[in-house]
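Student: Take a look at the following structure, please.
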Amino acid sequence: MNAAKEDITEPCELSFDRPADDTLLVRLKGSWTIEQKLPDVGEVQSQVKSNAGVKQIAFDTRELTGWDSGLLSFLIKIINQYANGNIAVQKEGLPEGVRKLIDLAFAVPERKGARKEAVREPLVARIGASAIGAGQSSIDTLDFIGGAFLAFLKFLVGKARFQRSELMLTIQQCGVQALPIVSLISILVGLILAFIGAVQLMMFGAQIYVADLVSIAMVRVMGAVMVGIIMAGRTGAAFAAQLGTMQVNEEIDALQTLGISPMEFLVLPRMLALVMMMPLLCIYADLMGILGGFIVGVGMLDISSTQYINQVIKALNLYHFFIGLFHAVVFGVLVALAGCLRGIQCGRSASAVGQATTSAVVTGIVTIVVATAIITIVANILGI
């Protein structure tokens, strides 16, 4: 038994001989399996070129101890190499099983045109395909937004079907569990704004206005924007991954078979949770950003804590506060729709889930930036 095992694992070897002037004998020795490092077919080709007058290739497999598809692949490459040449490949010296498999491989000739050829489409065709894809994507997005709006209307009249426990769990994930990262980012943004403002304001001896800069920037725009970006990368991606995995496992198809609307059962609680939590997170981020500015103002600019707080109170008004909350509500809707949309549109593979998650984050951040620009321009036109 031990000797047989050693023969099976014997390394494969390739050698050549010239038993006749017109014959190249290829000796195969050892175990020719895919686990072994098989010789290259180029060795046979080089022997044929170096030995003039070779008209046929024969094989000697008496010292062959084992074989599998690795040997078949090696032999088929040799046969294909000289199929249209003046050199014949003799199969008589091969094992019977190898000969039968080779005959089976060449029993049916390859159909002409069966191989897929890479054809480069014209530029106009590619532009047209991209335009059609963009149009279809826009239609799907509008259809999804309409379905989400109808689900929200059903919620308002108390006819939406979803689990309240799912809503509470999503609120916890979107709210309390996001506080640590929101705290860190908001404080750092407040510190950065205070440092940037202090560099210029110290030139005029107006360090006290760092409080105005930080407080107005955080409350009006930056607090909501930072929370929106954080939630797009954190919660929007989670929504896309959850719904994408359900799409792969055909759970969404099962809900539709049972007559349950995925928009009401899956999308609605996630959208409600994010819309409710975003304003609260925005207020918390505003406070953390003002705290970051407070640290710089009191710790480095020789501003007393009372002066800083009074200046913040004097600088802020309800217009700034409500504009920031409006930003937060809009961002909550956009992030929830982006995450759920990409999750529902996910394909049926693991790679599709990753693509949907990436697309959800990108879509969420882009829509946040666009919405910020639009709201800022409208507020400027209205003078608020």
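What follows is calculated from the coordinates using simple rules that are stated; it is not laboratory data. Since we're looking at a predicted model, the values are computed, not measured. Here the Cβ is made from the backbone with ideal geometry for all residues, glycine too, and neighbour counts use every protein chain on show.
Student: Find the relative contact order for the chain and round it to a whole percent, using C-alpha pairs within less than 8 Å whose residues are 6+ positions apart.
Tutor: 17
Student: Under 14 Å from the Cβ of Glu264, count the other residues' Cβ atoms, weight Lys and Arg +1, Asp and Glu -1, and hand me the total.
Tutor: On the way: positive: Lys154, Lys159, Arg161, Arg164, Arg270; negative: Glu166.
Once all neighbours under 14 Å are counted, the net charge is +4.
Student: While we're on this one: Please give the net charge around Ile216, taking every other residue with its beta carbon less than 12 angstrom from that of Ile216, where Lys and Arg add +1 and Asp and Glu add -1.
Tutor: 0
Student: Take Ile132 and Ile384, extend 7 Å from each Cα along the Cα→Cβ direction, and tell me the distance between the two endpoints in nm.
Tutor: About 4.6 nm separates the two model spin labels.
Student: A further question follows. With the crude spin-label approximation of a point 7 Å out along Cα→Cβ, what separation in nm comes out for Met203 versus Leu280?
Tutor: For Met203 paired with Leu280, the spin-label model returns 4.4 nm.
Student: Place a +1 charge on the Cβ of each Lys and Arg in the chain and a -1 charge on the Cβ of each Asp and Glu, then give the dipole magnitude about the Cα centre in debye, rounded to the nearest 20. Each step should come with its number before you reach the end.
Tutor: Working: 28 positive and 29 negative charges, 203 e Å.
Magnitude of the dipole: close to 980 debye.
Student: Would you mind counting up the charge near Arg99? Only other residues with Cβ under 13 Å from its Cβ, with Lys and Arg at +1 and Asp and Glu at -1.
Tutor: Around Arg99, the surrounding residues sum to -1.
Student: For segment 217-265 and segment 301-350, what is the separation of their C-alpha centers, rounded to whole Å?
Tutor: For segment 217-265 versus segment 301-350, the Cα centre distance is 18 Å.
Student: Between Cys282, Cys12, Cys174, where does the largest GNM mean-square fluctuation fall for the chain, given springs only between Cα atoms within less than 10 Å?
Tutor: Between Cys282, Cys12, Cys174, it is Cys12 that shows the largest mean-square fluctuation.
Student: Give me the number: length gained by fully extending Val370 to Ser73, i.e. 0.36 nm times residue separation minus the C-alpha to C-alpha distance, one decimal in nm.
Tutor: 101.2 nm
Student: For segment 35-85 and segment 148-169, what is the centre-to-centre distance using only Cα atoms, to the nearest Å?
Tutor: That distance is 70 Å.
Student: Could I ask something else about it? Before rounding to the nearest 500, sum -39500 (n - 2.57) across all DSSP H runs of length at least 4 in the chain and divide by the residue total; then give [θ] at 222 nm in deg cm²/dmol.
Tutor: Result for the chain: -21500 deg cm²/dmol, rounded to the nearest 500.
Student: Which of Arg220, Arg18, Arg348 moves most in a GNM of the chain, Cα contacts under 10 Å?
Tutor: Answer for the Gaussian network model of the chain: Arg18.
Student: Taking 25 Å as R0, compute the FRET efficiency from the Cβ-Cβ separation of Gln177 and Asn249 and round it to 0.05.
Tutor: Calculated value: 0.50.
Student: On to the next question. Between Thr306 and Asn80, 0.36 nm times their residue separation minus their Cα-Cα distance comes to what?
Tutor: 72.5 nm
Student: Still on this model: If amide H atoms are built 1.01 Å from N in the plane of the peptide, which residues on other chains or at least 5 residues away come under 5 Å of the amide H of Gly93?
Tutor: HN-HN under 5 Å from Gly93: Phe59.
Student: Defining a contact as two alpha carbons under 8 Å apart and six or more residues distant in sequence, what relative contact order in percent does segment 246-384 show?
Tutor: So the answer I get is 29 percent.
Student: Follow-up question, since we're still on this one. Please give the helix 179-201 orientation as an angle from the longest Cα principal axis of the chain, in degrees from 0 to 90, rounded to the nearest 10.
Tutor: So the inclination is approximately 70 degrees.
Student: Please find, in a Gaussian network model of the chain (springs between Cα atoms separated by less than 10 Å), the residue of Thr257, Thr357, Thr141 whose mean-square fluctuation is greatest.
Tutor: Thr257
Student: Mind checking the full-extension length gain between Ala52 and Glu121? Use 0.36 nm per residue of separation minus the Cα-Cα distance, one decimal, nm. Each step should come with its number before you reach the end.
Tutor: Details: separation 69, 0.36 × 69 = 24.84 nm, distance 4.66 nm.
Result: 20.2 nm gained on full extension.
Student: May I pose another question? Out of all DSSP beta bridges with both ends in segment 2-105, state the antiparallel percent to the nearest 5. Please list the in-between numbers first.
Tutor: Working: 6 of 17 bridges.
Around 35 percent of the beta bridges assigned by DSSP in segment 2-105 are antiparallel ones.
Student: Only Cα pairs under 8 Å and at least 6 apart count here; give the relative contact order of segment 83-239 as a rounded whole percent.
Tutor: Result for segment 83-239 is 14 percent.
Student: Pairs of lysines 8 or more apart, or on different chains, with alpha carbons under 22 Å: count those in the chain, would you?
Tutor: Lysine pairs meeting both conditions in the chain amount to 16.
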